[in-house]
Each structure stands twice: as structure tokens, then as C-alpha cells.
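Let me begin by presenting the structure, written as C-alpha cells, before commenting on it.
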Amino acid sequence: MSRKQKKVLIRIIIASVMVVVFHFIPVENPYLRLTLYMVPYFIIGYDILKKAVLGIAHGEVFDENFLMAAATVGAIILGDYVEGVAVMLFYQVGEFFQSYAVGKSRKNISQLMDIRPDYANIEVDGKLEQVDPDEVAIGTIITVQPGEKVPLDGIVIDGSASLNTSALTGESLPREVKEGDEVISGCVDMSGVLRIRTTKEFGESTVSKILELVENSSMKKSRSENFITRFARYYTPVVCYGALALALLPPVINLLLGHPANWSQWVIRALTTLVISCPCALVISIPLSFFGGIGGASAKGILIKGSVYLEALAQTRYVVCDKTGTLTKGVFEVTHTEPAEGFSKEELLELAAYAECYSNHPISKSLKEAYGREIDQSRVGDVEEISGHGVQACIDSRSVAAGNGKLMKQLGIAYDQPQKIGTEVHVAVDGRYAGYILISDVVKPEAKKAVSGLKAAGVKQVVMLTGDAKTVAEAVAAELGIDVVKSELLPADKVSEVENLLAAKGEKEKLAFVGDGINDAPVLSRADLGIAMGALGSDAAIEAADIVLMDDDPVKIATAMNISRKTLRIVHQNIVFALAVKIACLALGAVGFVNMWWAIFADVGVMIIAVLNAMRALKYK
């Protein structure tokens with residue numbers, strides 16, 4: 001609880017005790033009684049009165065502060081001291097609950113804000129010196145010790161450690177890093193000293209981008225929030241003028257008809273109307289629900305850039321996914337080895353790794369990683385790379401060729417046709433076929449669950465767009481249960497395919513595109529909703545996206561949709577409940593069936609119930 005909340009709570013307790021004591025102490029003198037009740041009234045209501053006066057001075061008359069001030073001052077003038085103080089007291093109780101709820105929903109966001117590093121360690125004259133991360137240039141060597149936050153993005157040049165990424169991804173499983181691995185800012189070093197060469201300035205680092213997204217999320221308001229803002233702008237003045245008419249017209253009409261005016265009776269009804277009409281429950285609970293939904297999503301490692309995007313998630317019926325890095329790991333791995341007669345799997349892999357040892361191509365890297373041993377390059381000579389075909393080399397005085405089917409045809413060597421899907425690396429030794437190795441971009445283990453989760457969340461069609469070959473793309477689509485697959489596409493072709501889908505979908509249906517690469521940025525911007533894989537994704541994709549998944553887990557797309565729907569259910573419940581109670585109480589108050597105490601429930605009670613309901617958006621299981 002903040003100091004401000006504690007002060008409000010103390011004021012509420014003091015004012016409540018004083019009202020109870022004064023109520024049970026019989027005071028006959030009306031002036032003394034007024035003076036006594038003014039003490040708790042000003043203790044609990046001076047800030048509301050101050051805001052009302054300032055609002056009038058600045059031309060912003062019609063707000064909840066004005067309504068509370070007018071109603072309570074009017075009640076006191078009419079001699080209803082207890083009711084006047086009680087309205088202000090219960091209003092502050094409602095404000096306290098609202099403040100507590102906002103603080104609770106901010107907690108997830110503030111935990112995320114804790115990822116901002118306070119300093120970076122750089123070595124000066126053999127000693128570590130703490131400097132502001134903003135002052136660290138690209139290429140600087142920084143040191144991160146156990147228990148410290150990684151202050152900037154970079155590459156590990158020395159050391160190994162376990163990194164706690166929970167503040168970024170929402171996952172508790174630590175990530176192991178070693179020399180040569182990329183690290184992102186905001187992680188916490190749990191073990192081991194790391195020396196990191198920075199690759200970005202602090203303003204462009206991951207932690208800065210995340211904080212910027214969260215801080216700006218409240219600027220992108222949903223349709224529901226904008227509706228409530230417009231509604232309150234017109235609703236409050238209409239109610240105020242209606243209350244004024246209720247206080248003046250019936251007594252005047254009574255006088256004209258020769259009946260008693262009963263001014264106090266109609267003024268009390270008008271004041272009751274003012275208290276009932278206060279739109280606090282809607283104005284507070286609706287933004288709070290969306291804020292809670294965004295906070296709850298952030299705790300799951302899902303960054304949503306504004307409530308407008310949270311709302312759009314609930315209407316998403318088409319999800320278009322890029323393949324590489326989204327549904328697959330984006331890392332080539334050896335998935336199958338098939339040696340020919342006279343060769344073993346180990347020998348086949350060794351020959352391919354040695355033949356490709358001088359290349360930095362992803363396929364070459366995957367062969368060397370699968371071999372897993374140190375390569376003695378002195379065994380290799382006469383390396384010749386044949387563009388688009390493969391490589392030839394002399395290994396231990398033997399002529400070795402490693403490449404695709406085109407290379408085998410060029411050398412006149414008969415080769416086996418693989419029965420499985422993947423990139424083929426055929427190997428021949430001294431003109432004799434030695435077998436083939438299959439290399440594939442491995443499907444993420446959670447990808448199939450992600451696709452079924454999307455369909456369970458109400459998505460009509462899951463579409464995969466990729467630049468890969470048709471056979472590879474169709475195999476992945478069949479394995480994951482994807483509805484439509486488009487392959488061999490250039491970035492411009494992906495935009496065209498998305499535009500065709502946008503033209504075909506229903507007016508109220510939304511289309512989301514999920515991608516991770518820099519070539520996905522145009523499509524992310526073109527879709528109704530852009531979702532980026534944030535942990536390994538490019539800066540351009542994260543900038544263009546509306547939602548960022550911090551741990552690259554596609555299952556969280558469905559999680560985000562379910563959080564969105566839960567949040568919208570809460571918003572609609574609050575709107576219907578608040579309006580129904582207020583309309584009923586306004587009608588009853590106008591004809592005298594509802595007194596000031598019922599008015600307090602219609603305002604403060606409804607607000608407390610709506611705020612407590614809104615807090616449910618914070619939690620999602």
C-alpha cells in the first residue's frame with residue numbers, strides 16, 4: 001500500500017469514527033451540530049471540493065468531483081448532515097478501492113519495469129567501473145557478474161552462465177549461455193561472470209524497446225474506452241441539467257396549479273439523482289479492465305501495445321503465420337543420415353563435415369555441429385566450392401564431393417532419392433556414392449499445440465506463408481494441421497496473399513499475421529493485427545508488430561486471445577451492470593422511491609463491485 005493510500009485510509013477511519021460518535025451524541029443546537037459534522041466532512045472531502053472548484057475555474061465543470069460536491073453541499077444546506085458526510089465518505093471508500101485496484105494491476109507492469117538496468121560494468125585500468133548504460137558505445141566490452149542485470153544487448157566473448165529471463169518471457173526456466181551466444185538486456189545473471197561485447201546502444205536495446213512499448217500502451221485506446229469517454233462527456237451534463245429541471249420544474253408547476261411547492265422534497269430528489277448519476281463505475285472500471293488485461297498478459301511474456309489491440313484479438317478469425325522462426329526453430333539440424341553400403345553413419349557425417357569445414361553456410365554449420373568433434377583442417381586440401389551445387393575437397397588424400405543432386409549428376413555419380421523431406425547433402429568418395437544426409441529446419445515442439453489452440457480459440461483458418469520449397473512447406477503444414485499453405489513466396493508475395501485474405505474476410509473479423517524476420521515487417525504492418533516473435537525476432541518486426549511474444553512460443557497467441565476475451569467479458573459485464581442499476585435507481589429516485597442511501601449504493605457500491613470485477617482481468621490460468 002502506498003503512502004497516499006495509507007493517508008486516505010486514515011482519513012476514512014477518522015471521519016467514520018467521528019460520524020458514528022456525533023450520531024449517538026444528541027446535540028440540540030443546530031449550529032453546533034453543523035459545526036461538528038463539518039469537521040469529518042472537510043477531513044474526508046477537502047480534496048474533492050478543491051478539484052471541483054479548480055474544474056469550474058478551468059471550464060471543466062461536469063465531472064464526478066462537481067457531482068459529489070454539489071450533492072453533498074446541497075444535502076448539508078437542507079440539514080441532512082449525516083447523508084452529506086456519508087456520500088463523501090463512501091465516495092472516498094470507492095476511490096480507495098479504485099486506487100488499490102490500479103496499484104494491483106500496475107504491479108505486473110512495475111515488475112516488468114524492474115528489468116531496467118541501473119549501470120554497466122566496464123574495465124578501466126584493470127578495475128571495474130560502473131557507468132550509465134546510456135554512455136556505453138557499441139563494441140564496448142562490459143562485465144556482468146552473478147546477481148546483476150545484463151544492461152545491453154551483445155555477444156558473449158568470455159564466460160558462461162545461467163540467465164533468468166522470467167521478467168522478459170514469463171518463463172521460470174533459466175537459459176544457459178556461453179562464448180559466442182547472443183544475450184539480450186533485461187536478463188539476470190544467476191551464475192558465472194560474463195564478458196560481453198555490446199552490439200546496440202542502450203536506446204536501441206531490447207530492454208529499452210520493451211519499456212517503451214509498455215509505457216505507451218495506454219495511448220492506444222480501445223473502442224470500448226473511447227465509447228465510455230464520449231458517453232461520459234455528454235451523459236454528465238445531461239444528468240446535471242436534468243437534476244436542475246427536477247429541482248425547479250415540479251415545484252413551479254405545483255405553484256401554478258395552486259398546490260404547495262415542496263421545494264426541499266424536489267431538491268433532495270435532484271441531489272439524489274446527482275449522486276446516482278456519477279459515471280465513476282464506467283469511467284474507472286473499463287480502462288482498469290483493459291489495463292489489467294495488458295498487465296496479466298505481460299506476466300505471461302506477452303507485450304500488447306495498447307487496449308485497441310487487446311480488443312482486436314478477441315475478434316481475430318484468421319491467423320497467418322510465417323514458417324521459419326515462427327512454427328519452426330529457424331535453425332538447421334541434421335535429422336537423418338543414410339549411408340550407402342560400405343560406409344557407416346559416423347564416417348558419412350565426418351566426411352561431410354570435413355568437406356564443408358571452411359564454409360559458413362547454415363547447412364555447413366549444421367553438419368559441423370552434428371559431427372560434434374574438433375576438425376583438424378590440416379587433413380583437408382584443394383577445397384573447391386561449386387556455386388549452387390556443393391563442394392569438392394581432398395580429405396586424407398581421398399577426393400570427396402558433398403552437395404545436392406545436381407553435383408552428383410555433374411560428376412556422373414548415381415545417387416539415392418531420399419524418401420523423407422529435407423535439404424539433401426549427398427556425399428561421394430573417389431567417385432563412389434557414400435550416402436546422403438538430410439538437414440531440416442526443425443518444427444517447434446509446441447507448434448502443433450499452438451495451431452490446435454488457435455482453432456479452439458475460435459480461429460476459422462490458420463494459413464502458413466513461406467519462401468521454402470513446396471514439398472517442405474506442405475510436409476510442415478500436414479504435420480501441424482494447418483488449413484492453407486502458400487510456398488515459394490517473396491516478401492512482396494506475402495503482402496499480396498495477406499491483402500487477398502483481408503479482402504475475403506468478414507467486416508467485423510480480424511486477421512492476424514505472426515512473423516519474426518525483417519522481411520516480415522511489411523506484412524505485420526499490413527495485417528489487422530501484427531504479432532512478432534520477440535526473443536529471436538528482428539527489431540524491425542518488433543517495431544512493426546502490435547503484440548510481441550517475448551519467448552517465441554506460438555502457443556501464447558491463443559493465450560493472448562483468451563486473455564482478450566476474458567477482459568472483454570468483464571468490460572461488457574461492468575457496462576451492463578452499471579447502466580442497469582443506474583437507470584433503475586434514476587427512475588426510482590425521480591419519483592421519490594429511492595433516498596440518498598440508495599443513491600450511495602448506486603454510485604459507490606456499483607463502482608466497488610465493478611472495480612473488483614475488473615481486477616479479475618489481472619489473472620489468467
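Quick look at the numbers
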{"read-out": "Of all accessible heavy-atom area on region 397-481, the percent that carbon and sulfur account for (1.4 Å)", "value": "49 percent"}
{"read-out": "Projected label distance in nm at residue 195 and residue 365, using a 7 Å step from Cα toward the beta-carbon", "value": "2.3 nm"}
{"read-out": "Point-to-point label distance, residue 10-residue 336, nm (Cα→Cβ direction, 7 Å offset)", "value": "7.5 nm"}
{"read-out": "Sparse-neighbourhood loop sites, trypsin sites (Lys or Arg not before Pro) in region 414-502 - DSSP loop, at most 10 other Cβ within 10 angstrom", "value": "none"}
{"read-out": "Accessible area of the chain divided out per residue, in Å², using a probe of 1.4 angstrom", "value": "47 Å²"}
{"read-out": "Pairs from 455/566; 444/494; 323/566; 7/300 whose Cα-Cα separation, in the structure shown, is over 25 Å", "value": "323/566; 7/300"}
{"read-out": "Value at 222 nm in deg cm²/dmol, rounded to 500, when DSSP H runs of n ≥ 4 in the chain each add -39,500 (n - 2.57)", "value": "-16500 deg cm²/dmol"}
{"read-out": "Among 595, 261, 183 - extreme Cα towards positive end, dipole of the chain, charges at beta-carbon", "value": "261"}
{"read-out": "With Cα atoms, 0 to 90° folded angle of helix 81-113 axis to the chain main axis", "value": "10 degrees"}
{"read-out": "Of 329/470; 486/508; 6/50; 448/510; 368/556, pairs whose Cα-Cα distance is over 27 Å", "value": "368/556"}
{"read-out": "Segments 305-317, 584-596 sorted - mean Cβ within 10 Å per residue, highest first", "value": "305-317, 584-596"}
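The values are calculated or read from the model by the stated rules, or taken from the named source; none is laboratory data. On a predicted model such as this, the values are computed, not experimentally measured, just so you know. Cβ: placed from backbone, ideal geometry, glycine included. Neighbour counts: every protein chain shown. Just so you know, the surface numbers come from the protein's heavy atoms only, side chains and all, with ligands and any DNA or RNA stripped out. Shrake-Rupley method; radii C 1.70, N 1.55, O 1.52, S 1.80 Å.
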